[in-house]
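No value in this document is a laboratory result; all are computed from the given coordinates. Computed from a prediction, not measured in an experiment: that's the story for all the values here. All Cβ positions, even for glycine, are placed from backbone atoms using ideal geometry, and neighbour counts span all protein chains on display.
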Amino acid sequence: MAHDKTFDVDVVIVGGGAAGVGAARRLSGSGLSVWLLEASQRIGGRGWTIDLEGIPLDMGCGWLHSAEHNGWRAIAEEQGWEIDRRAAAWDKPQPHPHFSDVEQAEAHAAFHAWHERLMSSPPASDRAADALDPQSPWNGYLQAMSGYISGAPLERISATDYNAYERAATEHNWRLLRGYGSLIASQWPGDVGCRFASPVEGIDADGPGVKLTTPQGTVRSRAAIITVSTNVLAGNLIRLPGALDEWRHAASCLPLGCDEKLFFHIDGEIDLPTEQVIIADPRDADSPVFYFRPLERPLVETFLGGRSAHRVSLEGPAASFDQLTASLTRLLGSEAMKHLRPLASSAWSASTYIRGSYSHALPGHAHQRQQLASPFRDRLFFAGEATHPDAFSTAHGALASGERAANELLALLQPAASR
């Protein structure tokens, strides 16, 4: 097609995470020229697999949630990626020295009772915490679960939002042996250009098309798909026109929670469980959870949510590893700790261009997902897990949102491409 001299490119995708990849895949072969502006040096966003000592570690998303209707699962199968379809260990009994089988049954029952109250009779306040039983001794356990699920305490979770996810989700959560982040990064189409280390500092949509300011200069496009995280969109990293205040406000109502992963390597022969989850302190709302030998690998994968995850950013991974070592010593004994050494840590909340894990709606604000997903003047389109109505917080929700935004854009621009 003939391009107007005013524009450098037809479409710019801002952010190369799962949503950006979804948009790029959909726009590939459309006849439109497409560029990615990515702040970091890699594709994948919060999907990031690193290889350490021959082991692929998913530092961000790691589970093919709701695998039956997960778009990444379909892509993986089409391309022959090996999928582990075993059930996760989260609900299995824990061989715990301070959490008896009876107590575990009570804690699980308390969680399911809260869940059923929230689903069947959501509180008028829309606060998930208001469905707690104030007399229950297991509310700390439920708050810890909220930390892993949403990265925030139940007081900050919209019941409407939580219920929308739960009604759409399934029980099948699978894993990719080569890593979820590796799959996402591998799907960038070859006909879409990439400009790495190019954070967008300002967006101007007042004139014809869109102007995007970067440290390397201004890029002019007919339209743009914005896939940055809600914490970035609501913050001060990107100058936005006042006309986008509703979108910025929506992003602020859908903040990213705080979740981090830290990995220990298991050295030598030691009797530790395989595919087994153990919570450090089931009564502590900030308790870490340890996943032993995931996929039979010599690892202890540690999940931190909420305040304990925030400490990774505030105090650094070394201090967090020290605290986790103390917790593991209480669970396993000092002899076992001689076989565990720190291997890797995420730091999503400290990442300048992400600033958290995944979105949750504040009470009373689940509807802001629809606002955030709305196009602006038929030239700015918004994608990302936070814009999905019921698969938010997931990589497949991000993928679907990128495809949706690309379809909205194509409905406007592709007719011009065919003339």
Net charge dipole size for the range 250-334 [Lys, Arg +1 and Asp, Glu -1 on Cβ; Debye, nearest 20]: 240 debye
Residues of the range 274-292 with amide nitrogen under 16 Å from the 7 Å Cα-to-Cβ point of ALA109? none
So, R0 is 51 Å and r is the distance between the beta-carbons of ASP133 and ALA318; what FRET efficiency does that work out to, to 0.05? 0.85
Set the Förster distance to 30 Å, then compute FRET efficiency between TRP90 and THR352 from the Cβ-Cβ distance, nearest 0.05. 0.40
Note down the nm distance, to one decimal, between modelled labels 7 Å out along Cα→Cβ at ASP204 and at ARG377. 1.1 nm
Farthest toward positive dipole pole in the chain [+1 Lys/Arg, -1 Asp/Glu at C-beta], among TYR180, ILE50, GLY242: GLY242
Taking every other residue with Cβ under 10 Å from the Cβ of LEU176 and scoring Lys and Arg +1, Asp and Glu -1, one gets 0
Assertion target for SER320, SER334, SER150, ordered by fewest C-beta neighbours within 10 angstrom first, is SER334, SER320, SER150
How much length would be gained if the chain were fully extended between ASP101 and ARG307, taking 0.36 nm per residue of separation minus their Cα-Cα distance, in nm to one decimal? 71.4 nm
What percent do you get for the relative contact order of the range 157-233 when only Cα pairs under 8 Å and 6+ apart count? 14 percent
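What number, in percent, do you get for the relative contact order of the range 123-274 if the mean sequence gap of Cα pairs under 8 Å and at least 6 apart is divided by its residue count?
Value for the range 123-274: 18 percent.
Please work out how much length the chain gains when fully extended from ASP191 to GLN41, using 0.36 nm per residue of separation minus the C-alpha to C-alpha distance, in nm with one decimal.
52.2 nm
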Given an 8 Å cut-off on Cα distances and at least 6 residues of separation, report the relative contact order of the chain as a percent. 25 percent
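What number comes out for the charge environment of ARG127, summing +1 per Lys or Arg and -1 per Asp or Glu over other residues with Cβ under 9 Å away?
Taking every other residue near ARG127 into account, the sum is -2.
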In nm, give the distance between the simple-model label positions of LYS338 and GLU275, each being 7 Å from the Cα along the Cα-to-Cβ direction. 3.1 nm
Counting DSSP beta bridges with both ends in the chain, the antiparallel % (nearest 5): 70 percent
Taking a crude spin-label model, label points 7 Å out from Cα along the C-beta direction, the GLU155 to ASP267 distance in nm is 4.3 nm
